[in-house]
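Presented below is the structure to which this report refers.
The values are calculated or read from the model by the stated rules, or taken from the named source; none is laboratory data. Computed from a predicted structure; not experimentally measured. Neighbour counts run over all protein chains shown; Cβ positions are idealised from the backbone, glycine included.
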Amino acid sequence: MKGFFYTNVDTTVLPPVDIYEDETYLYYAVDVPGINPDDITIKVFGDMLLIHGEIQCSGNDFNKTIDYLRVERSSKGFKRMLNIPVPVDIMSGYSTYEKGVLLVRFKKIPSNGISIPINRL
């Protein structure tokens with residue numbers, strides 16, 4: 001009967017992300033409830049933002065004397081590689097974590113570009 005009750009569930013986690021902007025900043029809001037902020041890493045590679053982390057569940061400490069009928073809670077990782085759609089100052093990156101939402105913010109670079117002087121030889 002154990003096979004009847006036991007379900008092997010796909011535990012892949014892909015946290016939902018909202019990307020939005022105002023005149024000054026580009027924002028990423030990522031739903032990561034139950035994750036310790038110390039278990040989240042944020043990195044920038046070129047025009048890509050990488051957010052990854054690990055959800056730690058106490059369900060991994062199985063009691064060998066108990067016959068489990070269903071196991072769905074386990075430690076699992078997530079990784080999101082997100083495009084940075086507008087020019088930003090990556091050194092201005094700032095993040096906060098509150099009530100299960102990770103907010104990452106970058107200061108936008110003005111869209112009029114950067115002037116490059118022409119030197120005469």
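Among the residues of the stretch 71-121, those that are assigned to a loop (DSSP other than H, G, I, E, B) and charged (D, E, K, R) comprise GLU72, ARG73, LYS99, ARG120. The set of residues from the stretch 30-74 being at pLDDT below 75 and touching a Ser or Thr at 6+ places or on another chain (Cβ under 9 Å) comprises ILE55, GLN56, CYS57, GLY59, ASN60, VAL71, GLU72, ARG73, SER74. The residue pairs whose first member lies in the stretch 63-87 and is farther than 18 Å from ARG105 by Cβ and of a type outside the set (Gly, Ala, Ser), whose second member is modelled with pLDDT of 80 or more and assigned to a loop (DSSP other than H, G, I, E, B), and whose beta carbons are closer than 7 Å, counting only pairs six or more residues apart or on different chains, are PHE78/LEU14; PHE78/PRO15. Selection within the stretch 65-95: residues that are of a type in the set (Val, Ile, Thr) and surrounded by 11 or more Cβ atoms within 10 Å (Cβ to Cβ). The member of this set that is farthest from ILE19 (Cα to Cα) is VAL71. For the stretch 38-55, the tally of residues that are free of Cβ contacts under 8 Å to residues at least 12 places away in the same chain, more than 15 Å from ARG105 (Cα to Cα) and part of a strand (DSSP E or B) stands at 1.
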